[in-house]
1. Sort out which residues of region A:152-186 are aliphatic (A, V, I, L, M) and assigned to a strand (DSSP E or B), and write them in order of number.
2. If residue B:750 meets every condition in (1) closer than 23 Å to residue B:664 by Cβ; (2) surrounded by 14 or more Cβ atoms within 10 Å (Cβ to Cβ) apart from one, which number is that one?
3. With a cut-off of at least 2 residues that are within 16 Å of the ligand (Cβ to nearest atom) and free of Cβ contacts under 8 Å to residues at least 60 places away in the same chain, name the strands (runs of 3 or more DSSP E) lying wholly within region A:205-287.
4. Which residues, counting only those in region B:234-255, are open to solvent by 10 Å² or more (accessible area, probe 1.4 Å) and part of a loop (DSSP other than H, G, I, E, B)?
5. Restricting attention to region B:564-576, which residues are free of Cβ contacts under 8 Å to residues at least 60 places away in the same chain and more than 10 Å from chain A (Cβ to nearest Cβ)?
6. Give the number of residues within region B:158-196 that are aliphatic (A, V, I, L, M) and within 17 Å of residue B:369 (Cα to Cα).
7. Tell me, which residue of region B:488-510 that is more than 8 Å from chain A (Cβ to nearest Cβ) and touching a helix residue (DSSP H, G or I) at 6+ places or on another chain (Cβ under 6 Å) is nearest to residue B:695 (Cα to Cα)?
8. Could you please find all residues in region B:525-548 being buried (at least 21 other Cβ atoms within 10 Å of the Cβ) and farther than 26 Å from residue B:666 by Cβ?
Amino acid sequence: MSLNDKLKDLRASGIDDAKRAERIQELNDLRVNLLGKKGPITKALRGMKDVPVEERPEIGTLANNVKKDIQAAIEEKMEELNRKLVAKKLEEETIDVTLPAQPRKYGTRHILNQTIEDIEEFFIGLGYRVDAGHEVEEDHYNFERLNIPQNHPARDMQDTFYLTDQLLMRTQTSAQEGRDMESHDFSKGPLKVISPGVVYRRDDDDATHSHQFHQIEGLVVDKNVSMADLKGTLEALCRHVFGADREIRFRPSYFPFTEPSVEVDVSCFNCGGEGCRICKYTGWIEVLGAGLSHPNVLEMSGIDSTVYSGIAFGLGPERFAMLKYGVNDIRDFYLNDVRFLEQFKGVN
Amino acid sequence: MKISVNWLKEYIPVTHTVEEMANKISLTGIESSPVHNAEGLDKLVVGHITSIAPHPDSDHLNITTVDVGEDSDIQIVCGAPNVANDQYVIVALHGAHLPEGKRIKKGKIRGQESNGMICGLDEIGVPTKYVPEAYHNGIYVFPEVVAPGTDALTALGLDDDMVDMDITPNRADTLGMRGAAWEIGATYDEKPEYTAPSIDESKIIDSNDLTVDIENKELVPDFLVRTLKDVTVGESPLWMQRRLWNQNIQPVNNVIDAANYVMIEFGQPIQAYDLDKLEEKHITVRNAKSGEKFSTELNNQDDEENTNTILNKNDLVVAAGDQILGLAGVAGGISARVTNETKNVVLESAVYDGAAVRKAAQRHDLRGDASNRFEKGVDNGAVSDALVRATQLVDENAQASEISDELVGIATEAKPTVIKGKISHINHLMGLDLSAEEIMNIFDRLGFTAELDNDDVTVTIPTRRWDMSIEADLVEEVIRIYGYENLKGTLPTGMETAGGYSPKREFSNKLRNILLGQGMNEVTNFSLMNKKEAEDFNVINTNYTKLLHPMTEDHEYLRTSLIPGLVNNVAYNQARNNNDISVFEQARIFDRADGVDRPKEIEYIAGAISGNIALDSWNTQSKQVDFYDVKGIVEELLSFTNIDANFEYHATNKISNLHPGQTAEIIADGQSIGFIGKLHPDYQKEHSIDETFVFELNVDTLFGMEKRNVQAKTAPKYPSISRDLAILVNKDIESGAIVKDIFDNGGKYLIDVNIFDVYQGVNIKANHKSLGYHLVFQNPEDTLTDDTVEKAFDVVKDSLVQKFNVEIR
Ligand SMILES: [Zn+2]
């Protein structure tokens, strides 16, 4: 057999062997056995001395091509086997993604605090300070400074927990109005403040009453604030809390520390004003009380009521949360059942 | 007060439904709702009994024939004891609907045909307490002739449509029909018209049997009386009775009814007395003597034994000598009550101090229609007119022979209030730009007289609107009549203000977020707790603050710690199988110093963790919370305070209700800032909760502490070198002390010390423990040499041997 034919045979069998290999090790062995220094190609080329000189370059080229072809066949097969190997490994590593996660819990803010903070941030955006005030307050600030003197019938509406005859658990966050007004430096601009916090009433706890609950009082005093500003401010608030399509309406009311006083209704967010159970078929829901600061309240803080005016409003986070999330029993807020608390994850 | 549309029509035209009116009045002035009476009732007519005969088979039934306005009379069997011939009565015809779904059908009663039912008022929906006494146990008999076949509901006024006005305390001017007509009239731009009350001049005599003396003039600005002689007391005319029961007032007789009627008409309570029952013909209004007794209808109806109210010297009474005629402005007594036998009558129209009436009514639990009006105020310009009106009505219905002149005990001139304002300022406060004409027109609609002088307006307010006193009141009147719905919302303009939280609130928000990040749920508890809870965790050792008049023992003391509330939360949840609980609260506690009444309010943050912090699952094992888990949370929280101090954990057994061996007080800069600990097993048992760890930190103290001033350092470029140190030491020596000593002696390149092993037990010397520490050295500016580290390490070891007698292993 000529050297030429021998090399061609080696190529044919080498490629064939590579194609038939099933494991990477076989290919590695094939490479060493066929192409190595002790391999048959090298061995065959030792017969080159018997080849006429003029034919030698041709044989040399052929030998190189044979090596290259076998190499290519091995590599091709190697790649194929590797692909299979990876595919098998991936298959083996496949997991059930529906199995439960390893919990990484973030706690849930109490829904009342979420509600309060949402409203606080709304007003901060409008340039209001947040001033929490005192839970134990003087009769003077809780009542007298709000135009509610001793014996005023409004004191009946707010049964009060007294600590002494002059000290009490505040019944309203409006109690902070007097303190905010008297300490404000009007040369530095208007007074714009909200006072969120806990208030107390001498009430029996039931589904709609709690002896402790929250309020947010809002107050703006400046030379140029009006009922129209009150309406615009509360319109913006109600749209922020209850939805961009909400309308509000004012109804005349009475609070000793505002004149005029109004109750504020928001158009029903459930039925859009058509009438439903939530709005008692009126299309409107009462959400807060407000008004222009009574001149007496301004004057008692040393503010000239012929020059300055104030808008004041007070709202109840419990009521807001009850309306917005359909909470039917105010006591749920204070029982702190974690199943109740956690349902408000991320609502605000 | 419920405003009857039929009555209202006497004063103003009414063209709207009660629904429309209620809505409009609510938006303009007073919260109102529509009322439809007698809904669903039908086939009720007036009948005239034309014959009556006993039922042959019954000893209490009668067979009547009744003219019901049809071609022939119908036969009705009636069991009422008061049925009689020639009565005009209420007949429910065959097919009639009565309240509560009751239906009347013709049939036979003991063999006798009965084609309907003769009814009592209570059977057609009038509550028994408003039915005249005479008809409580029987049928109602019309006091006058009414055409048979007339709709009985109309004849009785029971189908009157009404608007129920729920007034705010400042609008008591509408607690009378005339005032209400003014209000509704202003809403619809209709001026009410009234007929002035008048007395038959020919009967007036100018002598008087009575004298009146007002002792306490401060509380009684007006007190007027008139007497009427030889009256015939009896039943009031139907038109008056029906207006009374529609106001939830029981008709009694034509004197008392007239007094009540005037109260509804004018808003002015009127009191009537039997002149002949006065023990002296001298009426005084005075303070009661302590212990004096007084009986009234208001409090003796339900409770026979409690017929006497014991008075005290704060009570103002109307008296004739020692005889108490009434508790002024609150209730008339029974001693001089007008009855059917009364011949001579005294009528009183007075004004009493609102606060005094309110307190007396509260004190004796006697709130009623009269006290309700006096407490909120009455129109002192109408006191005399109301008395004239009451006198007129008594005379018309009970025919007096003589009427006395008005006897004035005291009278205060009723002056209209004059309010000065500026059109521009009124507009300014409203945020509107109404013309002076528009504003003047609104004043006119309200019946105010106004004079304009350029921008200045002077408004004279009639006495019926005593709630009006200042310019702001004018603003309210103008804007509500103009209509709030016409007001366009704007936002306050003016100098920019920087809104925001207080720095302390920012700080506490940050702390709260750390705990949320640790997976803890936020709770909200009550500030008021019971005595035991207050005592359980008085860690700050403060004086308790107690309510003067608590509602319940459960909410009597102001909290001195947030822990009891959190323990309640754990207990509440674990009782409901929410076993793994991790909760916190950020709120105030109350710290009261010796000798002061007012407690300081201090912000605290506290947490409680109970049960597992990792759950058993398909790939994990559960882990119960332990001290070090909670300490980890607290440390992370404290590291976020940015406080420039080291936090030390000092073991303490001084906090009651915490485990004496698993509690640490946390100290920073020498001051206590809080604690971490496990609840005492006894305390856990008492509350039926699992092992629970708690912590509590004083936010105010943390907020006040100096903060780190962070100046950036580049991250180190040179490698660190570490050494491990294993020691054997007496078990009572705290790791904290050893770590501190290592830092004290490790030189400036020692940057970190971690404990990697704590072992006690087998193969360890008795009363000793083995501790392993990992020390890390680094020079930020250069590569450290082993030599340098070795030297520092030796100093550390030497010091530990000397100070703690450790054995280096
Ligand atoms: Zn609705």
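1. Listed by number, the residues that qualify are A:167, A:168, A:169.
2. (1)
3. A:248-255, A:258-267
4. Matches in region B:234-255: B:234, B:235, B:237, B:247, B:248, B:249, B:250, B:252.
5. Result: B:564, single match.
6. Counting residues in region B:158-196 that are aliphatic (A, V, I, L, M) and within 17 Å of residue B:369 (Cα to Cα) gives 6.
7. B:508
8. Hit for region B:525-548 is B:528, nothing else.
The values are calculated or read from the model by the stated rules, or taken from the named source; none is laboratory data. Here the structure is a predicted model, which is why all the values come from computation and not from measurement. Heads up, the Cβs are rebuilt from the backbone with ideal geometry, glycines too, and the neighbour counts pull from every protein chain shown. Surface areas here come from the heavy atoms of the whole protein model, side chains and all, with no ligands, DNA or RNA. Shrake-Rupley method; radii C 1.70, N 1.55, O 1.52, S 1.80 Å.
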